[in-house]
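J.: After the structure tokens below, expect a handful of questions from me.
The values are calculated or read from the model by the stated rules, or taken from the named source; none is laboratory data. All values derive from a computational prediction rather than experimental measurement. Note: ideal-geometry Cβ built from the backbone for every residue, glycine included; neighbour counts use all protein chains shown.
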Amino acid sequence: MSLYSVINAIFGSNESDPQLEKKWNLIGRENELICLPCRRVYSKRGNDYDVALYYVHGKFHAIDATCPHLGGPLDEIVDLEMLVTMERPHAMCPWHLYAYDLETGSSPQGLTVDVYETKLKEENLFILHRDELSLHPYETEV
């Protein structure tokens with residue numbers, strides 16, 4: 001067991017693990033991804049690390065897929081009209097209507113979610129993230 005694994009087991013965080021450096025993950029073709037304004041992108045490490053991918057105002061935004069308040073899903077659209085008409089689009093948790101700015105990750109309630117950098121290269125979308133990401137759920141061991 002590595003020192004980082006021991007620290008993770010004690011403190012519940014592996015942010016200092018050098019093996020978890022961010023890397024660019026190919027998500028898919030731009031022309032296929034723009035068909036949905038919001039979708040979940042799955043992390044190989046598990047649901048707690050999934051990403052909510054939004055396409056609003058001709059731009060991709062990637063944030064944590066889980067609300068830090070009580071764990072509600074941020075990859076579901078509560079009000080599509082509000083999402084596309086707001087100058088600064090927000091993701092909204094359907095459980096308690098906490099809203100998170102898609103560019104900053106901040107909310108009026110003082111909570112924040114991580115925001116992940118996205119880039120388009122040769123019509124492919126990439127997300128900068130510590131984990132391997134996929135549009136399809138990973139199989140879990142039982």
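J.: Residues of segment 88-107 being surrounded by 18 or more Cβ atoms within 10 Å (Cβ to Cβ) and under 17 Å from Thr118 (Cα atoms), which ones?
T.: If the condition is that a residue be surrounded by 18 or more Cβ atoms within 10 Å (Cβ to Cβ) and under 17 Å from Thr118 (Cα atoms), then Pro89, His90, Ala91, Asp101, Leu102, Gly105 are the ones that fit.
J.: Sticking with this one: So is Ile77 part of a strand (DSSP E or B) and surrounded by 15 or more Cβ atoms within 10 Å (Cβ to Cβ) or not?
T.: Taking the combined requirement at face value, the residue does not satisfy it.
J.: Counting residues that are under 19 Å from Ser43 (Cβ atoms), touching a residue at least 12 places away in the same chain (Cβ under 8 Å) and within 13 Å of the chain's Cα centre (by Cα), which strands (runs of 3 or more DSSP E) fully inside segment 80-142 reach at least 3?
T.: The qualifying strands (runs of 3 or more DSSP E) are 124-129.
J.: Got at least one residue in segment 127-135 being at pLDDT 95 or above and surrounded by fewer than 12 Cβ atoms within 10 Å (Cβ to Cβ)?
T.: Within segment 127-135 (the criterion being at pLDDT 95 or above and surrounded by fewer than 12 Cβ atoms within 10 Å (Cβ to Cβ)), the answer is no, since none of the residues qualifies.
J.: Does Arg29 fit the bill of being crowded, with 16+ Cβ neighbours inside 10 Å and at pLDDT 95 or above?
T.: Criteria not met by Arg29.
J.: Out of the residues in segment 27-55 that are of a type in the set (S, T, N, Q) and not in a strand (DSSP E or B), which is farthest from Lys119 (Cα to Cα)?
T.: This residue is Asn47.
J.: Given (1) touching a Cys at 6+ places or on another chain (Cβ under 9 Å); (2) closer than 11 Å to Pro37 by Cβ; (3) not β-branched (Val, Ile, Thr), where does Pro89 come up short, assuming only one miss?
T.: All conditions pass for Pro89, except number (1).
J.: Among the residues of segment 56-74 satisfying the criterion of being of a type outside the set (A, V, I, L, M) and not in a strand (DSSP E or B), which is modelled with the lowest pLDDT?
T.: His57
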